[in-house]
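Participant: Below you will find the structure I want to go over with you.
The values are calculated or read from the model by the stated rules, or taken from the named source; none is laboratory data. Remember, it's a predicted structure, so these values are computed and weren't measured experimentally. Positions of Cβ are generated from backbone atoms using ideal geometry, with glycine treated the same way; all protein chains shown enter the neighbour counts.
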Amino acid sequence: MTVRGGAVLLVLVALGYAIPASAQVAVRADTVHTMAGPAIADGIVLVGADGKIERVGRAADVRVPAGYRTLRARVVTPGLIDAHTVVGLSGMLNQPHDQMQLERSAPLQPELRAVDAYNAREALVEWLRRHGITTLHTGHGPGALISGQTMIVKTRGDEVDEAVVEPMAMIAVTLGDAGLAEGDRAPGTRAKAVALLRGELLKARDYLSKREGPEDKRPARDLRLDALSQVLKKERPLLVTAHRATDIGNALRVAREFDIPIVLDGAAEAYLVTDTIKAAGVPVIVHPTMMRAFGETENLSMETASRLRAAGIPFALQSGYESYVPKTRVVLFEAALAAARGLTPEQALAAVTIDAARILRIEGRVGSLETGKDGDLALFDGDPFEYTSHVTGVVIDGRVVSETPQ
Amino acid sequence: MSLRYAAARAVAVWLALSLSAGPAAAQSSTHAFTNARILSIAGAPIDKGTLVVRDGKIVAVGPAGSVPLPPDAETHDLGGKLVMPGLVDTHSHIGGVAGGDGSAPLQPDVRVLDSLDVRSTGLRRAQAGGLTTVNVMPGSGHLLSGQTLYLKLRGGTTVDDYLIKLADGRVAGGLKMANGTNSIRTSGAGPFPGTRAKSAALVREQFVKALEYRDKVRKAGDDAEKRPARDLGMESLVEVLDGTRTVHFHTHRHDDIITVLRLAREFNFTPVLQHVSEGWKVADEIARSGAGSSVIVIDSPGGKLEAVDLAMTTGAALEKAGALVAFHTDDWITDSRHFLRSAGLAVRAGMSREKALEALTINGARLLKLEDRIGSLAPGKDADFIVLSGDPLSVYTRVEQTWVEGRKVFDLSSPEDHLYAVGGYGATRGETMHADEEEQ
């Protein structure tokens, strides 16, 4: 931190701002992809001491105030958003002690909070940050009928409290083979899984109405039903991982029955049922473009994203969950391949910035370069999607968090 | 919707039948490819070049005007598209292959040849990725899991259609070995090693036996009475000692890499180091040893303790040290359809463009000792090449055609081939993640 940065921090702390130390930063780039309008040629983004974007415009129109640190790049984009990962709960070592994304003791555990399991210092978080990814939607992964909650973090901070943007984003549900239990435990079939899910939602609906009723008749608090109540109240969506068309149909049917918001995740066979998804008004966080095709993902396509685009269905891209090598994908690379398989580069960039922000309901803070939004930027020395380009700098909340070309 | 599936499947089946009805018969044997940007790898790029192939071999390659077009040639105007040698993948698991079973840690008698499913869609994905030669290997869960197979992706109905015959009549292939954690069983039960030192001891013991076996065979000469009983495993190890079969040694950590080099020195063979995740730490030692490296490029480090220091810079470090470098897919670890990407990411991490392209082609051929036949575009070599829509290191580039020995085996414009290239309904029907999820 510079002396000036330190002084600014002291002033801000004195004023009672609960924000991190931020230098004032100006980024000048040949191309600024604001994602809030056409790209700006030779543009500047100013980030103020509060870590928020002050101004975005053509270099000819924006004066960089004295004392701002100026970074240069060929291309600047909003900090990238990974719309679904387990990184931070899942770690690089792949040993039991750093694999916290899945609790297998019971099929329905919506009370499990992601904030209680996130390691902000995890090496994979840094790996993603160095590749320009500044926001993660992470948490409990696919693999149980209801595996727990997800959250939204910035890829900075030493502890979860510094990183967190939204401590409870969604509740993770897995339909299909991956959500079934082993042996003779329930759920052992798709129909049983849906029956259990409906039963739990019914219980939560009853609980919610009693909790909102007369005080003397209120049931004792139940963390599981509390969590699901938030879905019934439409405060949080279910994040439903479903790959087969059958499972996608099941997800939409349950959503309709209980009038609850859902976000489809993975959706390898989404292209078979675009009409149904479109009619339901449900967004999709598409499987990684380079995801392996086998088992229930055998029919996935590198063109799933472009087919959803053609159908007018909102979608975002994700790194997903990897159980072995590589331990995480990098959503920048997945977007690059999507741009080479049917999306335009601008559409692919939107799928890891503003479109992802909208699905995650954080578009007021991140996803585009606009005055008042968080100062999260990714700097590149060329086309962000080209294999041979580098991420040359990363800024989060106005802090330069990486300058190692990656 | 189910009707639509049925219709789509019927079309796919019809296409499959019509395409497999005899592509060999339908294709002319002399072709001239004109108006192409040619990266021959054997020489400088040619901006507007011509490639002539006849009877499965390259006849001529050079700038337009310098290459006469045979009158009987079927001419293909490529309209400025790029032509380069077919890609050589030095480590793959396509075709559902499996080698040794759980009964022993060293199984040199076992052949991948006897386990390949040529109808696996993995072979089609590999053709879609521009691969023309692939070293298909058993997994790394053994110190020695069996004999590998160098396949030509010609297409065909049996494994014999894919084999490469060597001058001495043998089928081309190597031997798969591994050290580090994959081949160790920490339970301590059974015949598998529990430590690295035990792993090395078991391998040394096996090679000592092979030396003695070879000695007995040599001393017996033509005397059938004195010759030891044939031992299939020993025979393959003797080929290693004689330098006629290459050991492909799975190894990640710097100390494991050095152990491979130590064993190789002791028994006087030149291995190919496979994966070489920490190769960047011992690049000079690798270069000095003369061993080639088959490098994997992975999107992130970790996933297992040995891969925590895996870096995309390994290719660059080995290039700088002067070592021989090729890439591999390790399919399913990375997808054959994205093999060009390995070179792109290696250049991102500091490798030269020239060496990265060699690492996809001629250097792979060198690691398989097939450089006289494949890996570059030169007269007399096999007509294995790919047609690309643009620069091989660009993410936006598509593999449009793959040719093996003068026959087109993949064409992106065909709906069936397009399905294998991008995925979709039925593209990977029945594929499973084999034991080689354990691989890497």
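Participant: Among the listed residues B:VAL409, B:VAL422, identify the single one that is in contact with a Lys or Arg (Cβ under 7 Å, 6 or more places away or on another chain), among the hydrophobic types (A, V, I, L, M, F, W, C), crowded, with 23+ Cβ neighbours inside 10 Å and within 17 Å of B:ARG125 (Cα to Cα).
Facilitator: On the way: B:VAL422 fails: crowded, with 23+ Cβ neighbours inside 10 Å.
From the options B:VAL409, B:VAL422, the qualifying one is B:VAL409.
Participant: Filter the helices (runs of 4 or more DSSP H) completely within region B:290-409 down to those with at least 1 residues that are within 12 Å of another protein chain (Cβ to nearest Cβ).
Facilitator: On the way: elements: B:314-321, B:339-348, B:353-360, B:362-367.
Fully inside region B:290-409 and qualifying: B:339-348, B:353-360.
Participant: Restricting attention to region B:265-286, which residues are surrounded by 20 or more Cβ atoms within 10 Å (Cβ to Cβ) and part of a helix (DSSP H, G or I)?
Facilitator: Hits for region B:265-286 are B:GLY279, B:TRP280, B:ALA283, B:ILE286.
Participant: Something else: Does region B:84-110 hold any residues that are in contact (Cβ under 8 Å) with a residue 60 or more places away in the chain and among the charged types (D, E, K, R), and which are they?
Facilitator: Result: B:ASP89, B:ASP109.
Participant: Another question, then. With respect to A:ARG341, is the statement that it is basic (Lys, Arg), modelled with pLDDT of 95 or more and either at positive phi or within 21 Å of the chain's Cα centre (by Cα) (or both) true? Write out each step before concluding.
Facilitator: Working: basic (Lys, Arg): yes; modelled with pLDDT of 95 or more: yes; either at positive phi or within 21 Å of the chain's Cα centre (by Cα) (or both): no.
Considered against the rule, which asks whether it is basic (Lys, Arg), modelled with pLDDT of 95 or more and either at positive phi or within 21 Å of the chain's Cα centre (by Cα) (or both), A:ARG341 comes out as no.
Participant: Can I ask one more? Collect the residues in region A:294-321 that are buried (at least 23 other Cβ atoms within 10 Å of the Cβ) and in contact with a Ser or Thr (Cβ under 6 Å, 6 or more places away or on another chain), keeping them in residue-number order.
Facilitator: Within region A:294-321, A:MET302, A:SER319 meet the criteria.
Participant: What are the residues in region A:256-271 that are in a helix (DSSP H, G or I) and crowded, with 22+ Cβ neighbours inside 10 Å, if any?
Facilitator: Once the filter is applied, which keeps residues that are in a helix (DSSP H, G or I) and crowded, with 22+ Cβ neighbours inside 10 Å, region A:256-271 yields A:ALA270, A:TYR271.
Participant: Here's something else I'd like to know. Mind checking which residues of region A:351-383 are buried (at least 24 other Cβ atoms within 10 Å of the Cβ), touching a Gly at 6+ places or on another chain (Cβ under 7 Å) and β-branched (Val, Ile, Thr)?
Facilitator: A:THR353, A:VAL366
Participant: Same structure, new question: What do you reckon, is B:SER28 surrounded by fewer than 14 Cβ atoms within 10 Å (Cβ to Cβ) and either within 30 Å of B:ASP391 (Cβ to Cβ) or modelled with pLDDT of 95 or more (or both)?
Facilitator: yes
Participant: Could I ask something else about it? Kindly indicate which of B:SER103, B:SER92 is crowded, with 24+ Cβ neighbours inside 10 Å, more than 24 Å from B:GLY390 (Cα to Cα) and among the hydroxyl-bearing types (Ser, Thr, Tyr).
Facilitator: Result: B:SER92 is the single residue among B:SER103, B:SER92 that is crowded, with 24+ Cβ neighbours inside 10 Å, more than 24 Å from B:GLY390 (Cα to Cα) and among the hydroxyl-bearing types (Ser, Thr, Tyr).
Participant: Within region B:43-67, how many residues are in a loop (DSSP other than H, G, I, E, B) and over 13 Å from B:GLU405 (Cβ atoms)? Full working, then the answer.
Facilitator: Taking region B:43-67 as the starting set, the residues that turn out to be in a loop (DSSP other than H, G, I, E, B) are B:43-45, B:55-56, B:64-67.
Now restrict to residues that are over 13 Å from B:GLU405 (Cβ atoms): B:43-45, B:64-67.
Summing the residues that are in a loop (DSSP other than H, G, I, E, B) and over 13 Å from B:GLU405 (Cβ atoms) in region B:43-67 gives 7.
Participant: Just one of A:LEU252, A:LEU202, A:LEU196, A:LEU239 is in a helix (DSSP H, G or I), of a type in the set (A, V, I, L, M), closer than 26 Å to A:ALA83 by Cβ and modelled with pLDDT of 95 or more; which is it?
Facilitator: Going through A:LEU252, A:LEU202, A:LEU196, A:LEU239 in turn, just one is in a helix (DSSP H, G or I), of a type in the set (A, V, I, L, M), closer than 26 Å to A:ALA83 by Cβ and modelled with pLDDT of 95 or more: A:LEU252.
Participant: Condition test on B:PRO138, is it modelled with pLDDT of 95 or more, more than 21 Å from B:SER336 (Cβ to Cβ) and in a loop (DSSP other than H, G, I, E, B)?
Facilitator: Here the answer is no, as B:PRO138 does not meet what is asked.
Participant: Here's something else I'd like to know. Looking at (1) modelled with pLDDT of 95 or more; (2) crowded, with 18+ Cβ neighbours inside 10 Å; (3) over 23 Å from B:HIS91 (Cα atoms); (4) touching a helix residue (DSSP H, G or I) at 6+ places or on another chain (Cβ under 9 Å), which is the one condition that is false for B:ASN363?
Facilitator: That leaves (3) as the condition not met.
Participant: Follow-up question, since we're still on this one. Within region B:220-261, which residues are touching a residue at least 60 places away in the same chain (Cβ under 8 Å), more than 19 Å from B:GLY146 (Cβ to Cβ) and either out of contact with any helix residue (DSSP H, G or I) (no Cβ under 6 Å at 6 or more places or on another chain) or in a helix (DSSP H, G or I) (or both)?
Facilitator: Of everything in region B:220-261, those that are touching a residue at least 60 places away in the same chain (Cβ under 8 Å), more than 19 Å from B:GLY146 (Cβ to Cβ) and either out of contact with any helix residue (DSSP H, G or I) (no Cβ under 6 Å at 6 or more places or on another chain) or in a helix (DSSP H, G or I) (or both) turn out to be B:ASP256, B:THR259.
Participant: Among the residues of region A:269-287, which ones are within 14 Å of chain B (Cβ to nearest Cβ) and of a type in the set (Gly, Ala, Ser)?
Facilitator: Result: A:ALA270, A:ALA279.
Participant: Scan region B:274-283 and tell me whether some residue there is within 13 Å of chain A (Cβ to nearest Cβ), touching a strand residue (DSSP E or B) at 6+ places or on another chain (Cβ under 9 Å), of a type in the set (A, V, I, L, M) and under 29 Å from A:SER319 (Cα atoms).
Facilitator: no
Participant: Same structure again: So, in region B:318-332, how many residues would count as being surrounded by 23 or more Cβ atoms within 10 Å (Cβ to Cβ) and either closer than 27 Å to B:GLY122 by Cα or out of contact with any strand residue (DSSP E or B) (no Cβ under 7 Å at 6 or more places or on another chain) (or both)?
Facilitator: Counting residues in region B:318-332 that are surrounded by 23 or more Cβ atoms within 10 Å (Cβ to Cβ) and either closer than 27 Å to B:GLY122 by Cα or out of contact with any strand residue (DSSP E or B) (no Cβ under 7 Å at 6 or more places or on another chain) (or both) gives 8.
Participant: Now a separate question. Would you confirm whether any residue within region A:228-235 is farther than 20 Å from A:GLY199 by Cβ and either within 14 Å of chain B (Cβ to nearest Cβ) or modelled with pLDDT of 95 or more (or both)?
Facilitator: The answer is yes, given that some residue of region A:228-235 is farther than 20 Å from A:GLY199 by Cβ and either within 14 Å of chain B (Cβ to nearest Cβ) or modelled with pLDDT of 95 or more (or both).
Participant: If you don't mind, there's one more thing I want to ask. Tell me the residue from A:GLU235, A:GLU215, A:GLU182, A:GLU200 that is closer than 28 Å to A:ASN299 by Cβ and acidic (Asp, Glu), please.
Facilitator: A:GLU182
Participant: Six or more apart or on different chains, Cβ atoms under 7 Å: show the pairs whose first residue is in region A:122-133 and within 11 Å of chain B (Cβ to nearest Cβ) and whose second is in a helix (DSSP H, G or I).
Facilitator: Listed by first residue and then by second, the contacts come to A:HIS131/A:LEU332.
Participant: Next question, about the same structure. Could you pull out every one of the strands (runs of 3 or more DSSP E) wholly within region A:1-113 that has 1 or more residues that are at pLDDT 95 or above and surrounded by fewer than 23 Cβ atoms within 10 Å (Cβ to Cβ)?
Facilitator: In region A:1-113, the matching strands (runs of 3 or more DSSP E) lie at A:25-32, A:40-47, A:53-58, A:69-78.
Participant: Hey, another quick one. Of (1) without any contact (Cβ under 8 Å) to a residue 60 or more places away in the chain; (2) aliphatic (A, V, I, L, M); (3) crowded, with 21+ Cβ neighbours inside 10 Å, A:LEU228 satisfies all except one. Which?
Facilitator: (1)
Participant: Can I ask one more? Kindly list, by first and then second residue, each pair from a residue in region B:195-219 that is assigned to a helix (DSSP H, G or I) and modelled with pLDDT of 95 or more to a residue that is polar (S, T, N, Q) and surrounded by 12 or more Cβ atoms within 10 Å (Cβ to Cβ), limited to pairs with Cβ atoms under 8 Å and residues at least 6 apart or on different chains.
Facilitator: B:ARG196/B:ASN179; B:ARG196/B:THR259; B:SER199/B:ASN179; B:SER199/B:SER183; B:ALA200/B:ASN179; B:ALA200/B:THR259; B:VAL203/B:ASN179
Participant: If B:ALA98 satisfies every condition in (1) at pLDDT below 95; (2) part of a strand (DSSP E or B) but one, which is the exception?
Facilitator: (2)
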